[in-house]
Amino acid sequence: MADRVVQAALKLVLEPIFEADFEPVSYGFRPERRAHDAIAEIQLFGSKGYRWVLDADVEAAFDTVSHSALLERVRKRVKDKRVVALVKAFLKAGVLTELGGQRASDAGTPQGGILSPLLFNIAMSALDERLQEPWKDGGTMGTAARRVRRRSKGLPNWKVSRYADDLVVLVNGSRADVEDLKHEVTEVLEPLGLRLSPAKTRIVHMSEAFDFLEFRIQWKRKRGTDKWYVYTFIADRPIRSLKDRIRALTRRKSQQNPRDVQARLNLIMHGWANYFRHAVCKHTLSNLANFVWWRMVKWMQTLHRWRWKDVRRWLKAPNGSWKPISVDGVELFDMAAVPVTRYRYRGSKIPNPWVPA
């Protein structure tokens with residue numbers, strides 16, 4: 001407990017220093033920023049022609065980041081040797097083994113540590129700075145006119161969006177340009193002790209769709225028109241994961257208290273729907289609401305040995321309409337009723353608590 005208190009205090013010291021310098025293309029584990037900002041940025045630039053995608057994942061990122069490279073970046077901004085020594089002590093603290101022993105750690109950040117996400121962002125800021133450099137004032141992509149001029153000469157433009165160890169580089173150019181950028185990313189990561197995952201890193205055109213932060217992003221033709229747009233859908237994996245959790249809670253032979261189960265289901269579905277409600281998901285939410293309704297009904301039939309007429313007696317209103325499922329005063333959350341809205345791109349409007357407005 002004492003270690004976690006010290007880590008939290010150290011985070012309060014380090015975060016304002018590095019947050020003032022972090023690039024705006026990083027969204028993971030940072031104050032006032034969220035996954036939806038990264039998705040909105042991808043959707044915006046995809047609509048502007050940045051449709052070749054380097055969909056990359058850093059392999060075992062938190063376990064393999066180089067201590068020496070990380071401490072070097074810390075020393076550039078923090079001159080107090082006591083603070084640097086404390087950071088080094090946490091990095092070198094070691095790992096407890098299953099047998100209760102201690103194994104030295106030569107790389108990586110402490111798993112589950114309060115300070116780990118900030119330290120990882122400090123290391124990865126080297127990549128952010130490298131790819132964002134042309135977008136700064138005076139850079140080759142610093143203005144819209146310069147980006148147009150580059151394209152007229154056959155040169156690519158790119159935009160990076162990173163959330164912790166997941167990153168997407170959008171390219172307005174060709175597949176060969178993305179290959180070159182992949183090599184450049186690899187070169188930047190190598191001194192940090194990191195490398196791209198061969199299994200999870202791929203080059204894809206946005207028309208083929210790719211998954212990022214549990215969303216599936218695709219450039220496709222709008223039904224019934226000849227116009228093409230960048231759409232954000234819910235990926236298949238989170239839908240399967242949610243259904244598995246619902247099935248686990250509503251097994252036919254379960255003897256759990258239905259009220260407790262329904263309360264737990266409501267928490268899960270409410271959080272899940274709130275995260276995905278900015279995607280094109282009205283049909284998906286309706287299907288999931290139907291799925292959980294039937295799971296609850298079938299479970300209650302088994303639990304109380306009801307026939308269908310008993311279910312109708314329980315859920316039918318006097319006017320013939322269906323009432324929501326309610327158990328001991330706990331009403332089942334209706335995912336289909338969640339309003340689906342577009343998340344507006346905030347860009348430079350995202351507030352930074354430590355930079356003057």
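Restricting attention to the range 146-191 and to residues that are hydroxyl-bearing (Ser, Thr, Tyr) and without any contact (Cβ under 8 Å) to a residue 12 or more places away in the chain, the residue that is farthest from Ser66 (Cα to Cα) turns out to be Ser152. For the range 171-199, filtered to residues that are of a type in the set (A, V, I, L, M) and assigned to a loop (DSSP other than H, G, I, E, B), the residue that is modelled with the highest pLDDT is Leu194. Only one of the numbered conditions (1) open to solvent by less than 40 Å² (accessible area, probe 1.4 Å); (2) part of a helix (DSSP H, G or I); (3) among the aliphatic types (A, V, I, L, M) is violated by Met141, and that is (2). A single entry from Asp236, Asp260, Asp226, Asp244 fulfils the requirement of being within 17 Å of the chain's Cα centre (by Cα), open to solvent by 30 Å² or more (accessible area, probe 1.4 Å) and without any contact (Cβ under 8 Å) to a residue 40 or more places away in the chain: Asp236. Scanning the range 154-185 for residues that are touching a Gly at 6+ places or on another chain (Cβ under 8 Å), buried (at least 20 other Cβ atoms within 10 Å of the Cβ) and more than 21 Å from Pro117 (Cα to Cα) gives Asn157, Trp158, Leu170, Asn172. Open to solvent by 10 Å² or more (accessible area, probe 1.4 Å), assigned to a helix (DSSP H, G or I) and charged (D, E, K, R) - does that describe any residue in the range 47-67? Checked against the condition, which is being open to solvent by 10 Å² or more (accessible area, probe 1.4 Å), assigned to a helix (DSSP H, G or I) and charged (D, E, K, R), the range 47-67 yields at least one hit.
Among the residues making up the range 24-46, those that are open to solvent by 20 Å² or more (accessible area, probe 1.4 Å), in contact (Cβ under 8 Å) with a residue 40 or more places away in the chain and assigned to a loop (DSSP other than H, G, I, E, B) are Pro24, Phe29, Pro31, Glu32, Arg33.
In the set (1) open to solvent by less than 50 Å² (accessible area, probe 1.4 Å); (2) under 30 Å from Ser66 (Cα atoms), the condition left unmet by Ala209 is number (2).
The values are calculated or read from the model by the stated rules, or taken from the named source; none is laboratory data. Keep in mind the model is a prediction, meaning the values are calculated, not measured. When we count neighbours, we look across all protein chains shown, and the Cβ atoms used for this are built from the backbone with ideal geometry, even at glycine. Accessible surface is based on the protein model in full, side chains and every heavy atom, while ligands, DNA and RNA are left aside. Shrake-Rupley method; radii C 1.70, N 1.55, O 1.52, S 1.80 Å.
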